[in-house]
Every structure is written in C-alpha cells, then in structure tokens.
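The values are calculated or read from the model by the stated rules, or taken from the named source; none is laboratory data. All figures in this text were calculated on a predicted structure; none of them were measured in a lab. Here the Cβ positions follow ideal geometry from the backbone for every residue, glycine too, while neighbour counts run over all protein chains shown. Surface areas here come from the heavy atoms of the whole protein model, side chains and all, with no ligands, DNA or RNA. Shrake-Rupley method; radii C 1.70, N 1.55, O 1.52, S 1.80 Å.
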Amino acid sequence: MNSFSQDHCLICHDIILPAIGWRALFSIEKEHFICLVCEGKLEKIEGDTCRICSRSFRQLDEQFRDGDLCHDCFRWEGDIEWQGFLEKNTSLFLYNDFLKEVIAKFKFRGDYLLAKVFTDSIRGKLTQMAFDQLVPIPLSEERLYERGFNQAAALLAVAGFTPSEILNRIHSEKQSKKSRSERIHVPQVFKILPDMNLEGQRIVLIDDIYTTGSTLRHAAKLLKEAGAASIQSLTLAR
Ligand SMILES: [Zn+2]
Ligand SMILES: [Zn+2]
C-alpha cells in the first residue's frame, strides 16, 4: 500500500483519505482499516475497572462493587467451586451499540475481514501479556457450520497469532438464556481434546464478548484442573 492509494473503511465503506505530508512520504504508513469516524465510535475500556473482569467502574453504582471487584466477580470468587480459576479478563472495548453492530456483521453475517479492525488492539494487548498458548473459545459444530468460522480463532489468525484449538464444546451455546444459578450448575460445557499436555502452561482464552463470564470460567476451570498454570482471557467487548 502506498500513500496515494485510496482505501475504504472496513466498517462504513467510506473512503479513508490518504495521509499526506512529509511523514507519510518518509515513513511506512501504518495500514488503516477503518476511518476516523468509526474509530471514534469504538470506546476503549480505560480507567478504573474490576480487577478480574475489567468491567468499567465509571458508570457503575457503588452498590454493585465490592472493593476492587464488581459484584459479579465477588460472587464467583466467593464460591470455592469457582474461585481463582479465571485470573483476569481483559476486554478491549465497551460493548456499545456501534460495536454490537460491528460484531454482528463479523460473526453472524460472515464478514471475516472485519477481524482486521481489531488487529492492532489485539497485538498491542497480547504483547504485554505472558502466555504459552492462545485458546479460542470453541463453537459447537452446528454453529461452526452455520457461520463458517470461529470468530475468536479468526481474530487471532488475522492478527498473526496461531490459535491453539484444544477445546471442544459439548453443550450448546444457549448459556445466556439461563439464570445465574442454572449457569453455574450446568455440567462442564467444554472438553479438552485428547493427548494435550497442559502442565504448567500459561493460557490466554480468546473470545469476542464477555457477557456473564460463565463460559470463560467453565473453560478456565477445566484447563486449570488439567494442569495449566494460569488462565487469563482477552475479549473484544465487555
Ligand atoms: Zn468508517
Ligand atoms: Zn468483575
């Protein structure tokens, strides 16, 4: 790509104006996949957040916090069946209406290229994290067939990382329609593929959205019990 080419925003398809001036001529321009308007609609999660799930405390009422944890994480961590499995979730952006639409286009309407929108942020975050394996949360076979690709694996692959596809889903994705207590008490949702040695591995789980945290915690528990040293997660939206 050179400074004179005109590219289209992957989200709104408007033309991205080429950078002009000395810097553009003499430096290798960073590739721009989205326009400034769309970039402005992606809200980075910054500031004070829950120590575990990275929920922003900005608009969260004091009554939903317990110290440096949100009330939800506080409850998970207060349950000996679940405490300590998911060390930390990092989410990159607020799940606002704009991002909701982008993610829907990406995963339900099969716009695989939209993964590029998040490449820089994912790379930026992963370079700050210590890990041995990046494990995308798997889809069930039916879902994978419907969509054609696993969105979490796609985010990694497009950003130049190799996903370790070591988990399989043994139950359907309809988690979020259940109550919290049903979610906690469902039997394990995933299984580990045979012959995986996870002893001492630092694993980062990858998913598009952190909703209840239940899916990630199920995966974290399974991997930890199989010998993994630590489990963190990286999600696009929270
Ligand atoms: Zn745009
Ligand atoms: Zn939390």
request  = Over the range 43-237, with every protein chain in place, what whole percent of the accessible area is carbon and sulfur at 1.4 Å, could you tell me?
outcome  = 48 percent
note = Given pairs LYS88/LYS125; LYS191/LYS224; LYS88/LYS221; LYS191/LYS221 and cut-off 21 Å on Cα-Cα distance, the over-length ones are none
key: Solvent-accessible surface (1.4 angstrom probe) belonging to MET129, in square angstrom, nearest 10   = 30 Å²
query = Efficiency by 1/(1 + (r/R0)^6): what FRET value for GLU225 and PHE149, r their Cβ-Cβ distance, R0 = 30 Å, to the nearest 0.05?
reply = 0.55
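Assuming R0 = 35 Å, what is the FRET efficiency of ILE80 and CYS12, from their Cβ-Cβ distance, to the nearest 0.05? Kindly include the intermediate steps, with their values, before the conclusion.
Numbers: r = 48 Å, r/R0 = 1.38.
Using R0 = 35 Å, I get an efficiency of 0.15.
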message = Using only the Cα atoms of the range 104-177, what semi-axes does the equivalent ellipsoid have when each is the square root of 5 times a gyration tensor eigenvalue? Give whole Å, largest first.
response = 22, 16, 10
note = One can check that the equivalent ellipsoid of the range 43-237, built from the alpha-carbon gyration tensor with semi-axes equal to the square roots of five times its eigenvalues, has lengths in Å, largest first, of 23, 21, 17
remark   = Expressed in square angstrom to the nearest 10, the accessible area of ASP120 with a 1.4 Å probe stands at 80 Å²
